[in-house]
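Step one of this worksheet: look at the structure below.
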Amino acid sequence: MAKGRTFDLVIAANRLPVDRVVDSDGTERWRRSPGGLVTAMDSVMRGREGAWVGWAGDPGEAPTPFDEGGMWLHPVEISQEEVEQYYEGFSNDTLWPIYHDVIVPARFHRPWWVAYERVNQRFAEAIAEVAAEGALVWVHDYQLQLVPQLVRELRPDVRIGWFNHIPFPPVELFAQLPWRSRLLTGLLGADYLGFQRTADAQNFIRSCRRHLDATTKGDTVTLPAADGRPGRTVRASAVPISIDFRSLDELARSPAVKARAQEIRASLGNPETLFLGVDRLDYTKGIRHRLKAYEELLAEGTLSTPDVTFVQVATPSRERVDAYKRLRTEVETTVGHINGSYSTIGAQAVHYLHQSYPREEMAALFQAADVMLVTPLRDGMNLVAKEYVTCRNDLGGALVLSEFTGAWHELHQAFVCNPHDIEGLKQTMLRAMSASPKEKQRLMRALRRRVSDHDVLVWADRFLENLRAAPDRPPRRTGKERS
Ligand code: ADP
Ligand code: F6P
């Protein structure tokens, strides 16, 4: 049971919101972690008291727990071998491809699974240490699917929720996993399971029916009593994630961001059309597909520099995993090829930026772009799409959005595309850039309304409400943080 500080709300995610970076001179600093999970949960936890259990982003001994902006960060140690087997291996080379339509083949290695089990156990122990009596424990994402059951075993008094930031695969794909039943039982240790789309929740429920001795009804799964564990019913439903609309909108309205947006356009030679892509450098994001469409439009002469240019921001991600290394080579070769063939002196066809930027710079880029290209082959949500419309308080700009993103299920006024259909994608890009200002305003107004009404705080409240409403209530909570 808990020895140190304990909290009524505990978040657990593979990563802490900040990564520890050690510079070449040995100085240690903390940098915001990449990805949508941190963007969303950072906003949710601002102003709430709670602990965040996660990895500090580098292998080896975990830093001592510390307070960061009112949140208690509790680092979990992950060794070099576990980084390779649990994080790069099982999480990102086995689960990630299976959960994203096997865009690249999944790799199965038994030692990776063993490491996944071991690290999930360590996370569960860390959670049990910081959770107050009857606490709410909110576990995130595919890296921690065994944690709900493991926490339940250690701390039957707490209430456990899990949210999946990525898609949950169809039964036929999930069935490939040799450890499928263990993953499902791990998740069913939760009181409530949240997914991005109803289809994801249904995929999960169907897998439970197929692989476990479970009965399902509507959005619930019931496991019979077994191995000394009581039978329980768990609800699995959709709660689509979002962003902090108000704070990003305010930032985008600031004179400094507006001036920077102008400056960006000017430094690109004030093109008639600026296309923008912003993604982690991940094969799920369809970066190659949008480059191909753009290249063909240039080759045909439908588009040409200096009238158009394309800025692709590609955040470094999972750089030691082979599929990511290959993608980086392909993207960089293609960018080089496009620039070699279609740039002129002073007018580059593609600006490729393999870097992370502060929020202000991202907001300025979004404001500067005429057409935002969000073309994933599969994406749980895609917060970039929501950030783009949030930054367009001028009602300018156009969003091209893949039908294979969770975001598409909410943002129907976007210019929809199927990124596999290159010809169709080209036509959609042209339609988006040439829509009349009046039409763009009408669409952007509707898109902004949707994001504003369903922001990240609404998402968190809905998730926590579902978690609190789950059956099998644990003993009442005993009050505020204990020490
Ligand atoms: P994922 O979680 O798969 O990375 P999302 O689109 O849901 O994808 O979230 C990505 C988040 O990371 C967004 O908040 C986006 O603004 C941010 N981001 C992406 N690229 C960069 C970058 N180069 N610099 C800073 N933030 C970035
Ligand atoms: O939800 C997708 C996700 O894996 C998140 O866990 C995280 O926000 C993001 O992608 C970044 O990935 P990683 O933590 O592997 O760098």
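Assorted remarks:
- Matching residues in region 30-58 - criterion: being open to solvent by 60 Å² or more (accessible area, probe 1.4 Å) and either touching a helix residue (DSSP H, G or I) at 6+ places or on another chain (Cβ under 6 Å) or in a strand (DSSP E or B) (or both): Trp30, Arg31, Arg32
- Filtered by the rule that a residue be open to solvent by 10 Å² or more (accessible area, probe 1.4 Å) and touching a helix residue (DSSP H, G or I) at 6+ places or on another chain (Cβ under 7 Å), region 336-351 gives Tyr342, Gln348.
- Positions within region 305-322 being over 22 Å from Gly340 (Cα atoms) and more than 16 Å from ligand 1 (Cβ to nearest atom), in sequence order: Arg320, Asp322
- Subset of region 219-268 (residues that are open to solvent by 70 Å² or more (accessible area, probe 1.4 Å) and modelled with pLDDT of 95 or more): Arg235, Arg246, Glu250, Arg253, Pro255, Ala256, Lys258, Arg260, Gln262, Glu263, Ser267
- In region 275-304, the residue that is nearest to ligand 1 (Cβ to nearest atom) out of those that are touching a Phe, Trp or Tyr at 6+ places or on another chain (Cβ under 6 Å) and outside any strand (DSSP E or B) is Tyr294.
- Filtered residues of region 63-104 (kept if part of a loop (DSSP other than H, G, I, E, B), small (Gly, Ala, Ser) and at pLDDT 95 or above): Ser79
- The set of residues from region 358-372 being away from ligand 2 (no atom under 16 Å from the Cβ) and of a type outside the set (Val, Ile, Thr) comprises Pro358, Glu360, Glu361, Ala363, Ala364, Leu365, Phe366, Gln367, Ala368, Ala369, Asp370, Met372.
- Count of residues meeting criterion [within 21 Å of the chain's Cα centre (by Cα) and away from ligand 2 (no atom under 14 Å from the Cβ)] in region 21-49: 3
- Residue count, region 320-333 (criterion: touching a helix residue (DSSP H, G or I) at 6+ places or on another chain (Cβ under 7 Å) and open to solvent by 40 Å² or more (accessible area, probe 1.4 Å)): 2
- Condition broken by Gly26, with the remaining ones in (1) outside any helix (DSSP H, G or I); (2) within 26 Å of Glu117 (Cβ to Cβ) satisfied: (2)
- Exactly one residue out of Gln427, Gln413, Gln441 is in a helix (DSSP H, G or I), assigned by TED's automatic domain parsing to the domain that holds Gln367 and without any contact (Cβ under 8 Å) to a residue 40 or more places away in the chain, and it is Gln427.
- Failed criterion for Arg15 (all others in (1) among the basic types (Lys, Arg); (2) more than 24 Å from Gln121 (Cβ to Cβ); (3) within 16 Å of ligand 2 (Cβ to nearest atom) hold): (2)
- Single match in Ala115, Ala135, Ala131 (criterion: without any contact (Cβ under 8 Å) to a residue 40 or more places away in the chain, farther than 28 Å from Gly406 by Cβ and open to solvent by less than 10 Å² (accessible area, probe 1.4 Å)): Ala115
- Residue match in region 352-360 (condition: open to solvent by less than 10 Å² (accessible area, probe 1.4 Å), touching a residue at least 12 places away in the same chain (Cβ under 8 Å), in a helix (DSSP H, G or I) and not basic (Lys, Arg)): no
- Residue count for region 16-36 satisfying the condition of being away from ligand 1 (no atom under 15 Å from the Cβ) and in contact with a Leu (Cβ under 7 Å, 6 or more places away or on another chain): 1.
- Residue match in region 333-348 (condition: within 16 Å of ligand 2 (Cβ to nearest atom) and touching a residue at least 60 places away in the same chain (Cβ under 8 Å)): no
- In region 373-403, residue farthest from ligand 2 (Cβ to nearest atom) [restricted to those that are among the small types (Gly, Ala, Ser) and in a strand (DSSP E or B)]: Ala398
Here is a yes/no grid of residues against (1) in contact with a strand residue (DSSP E or B) (Cβ under 9 Å, 6 or more places away or on another chain); (2) modelled with pLDDT of 95 or more; (3) closer than 25 Å to His165 by Cα:
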site: Ala347; (1), (2), (3): yes, yes, no
site: Val350; (1), (2), (3): yes, yes, no
site: Leu353; (1), (2), (3): yes, yes, no
site: Ser356; (1), (2), (3): yes, no, yes
site: Ala363; (1), (2), (3): no, yes, yes
site: Asp370; (1), (2), (3): yes, yes, no
site: Leu373; (1), (2), (3): yes, yes, yes
site: Val389; (1), (2), (3): yes, yes, yes
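- Filtering region 167-181 to residues that are touching a residue at least 40 places away in the same chain (Cβ under 8 Å) and either among the polar types (S, T, N, Q) or open to solvent by less than 10 Å² (accessible area, probe 1.4 Å) (or both) leaves Pro167, Phe168, Pro169, Phe174, Gln176, Leu177.
- Qualifying residue in region 225-244 (condition: of a type outside the set (A, V, I, L, M, F, W, C) and over 30 Å from Gly194 (Cα atoms)): no
- Thr309 part of a loop (DSSP other than H, G, I, E, B) and open to solvent by less than 40 Å² (accessible area, probe 1.4 Å): no
The values are calculated or read from the model by the stated rules, or taken from the named source; none is laboratory data. Model, not experiment: these values are computed from the prediction. Ideal geometry is used to build each Cβ from the backbone, glycine not excepted, and the neighbour counts take in all protein chains shown. All accessible areas refer to the heavy atoms of the entire protein, side chains included, with ligands and DNA or RNA removed. Shrake-Rupley method; radii C 1.70, N 1.55, O 1.52, S 1.80 Å.
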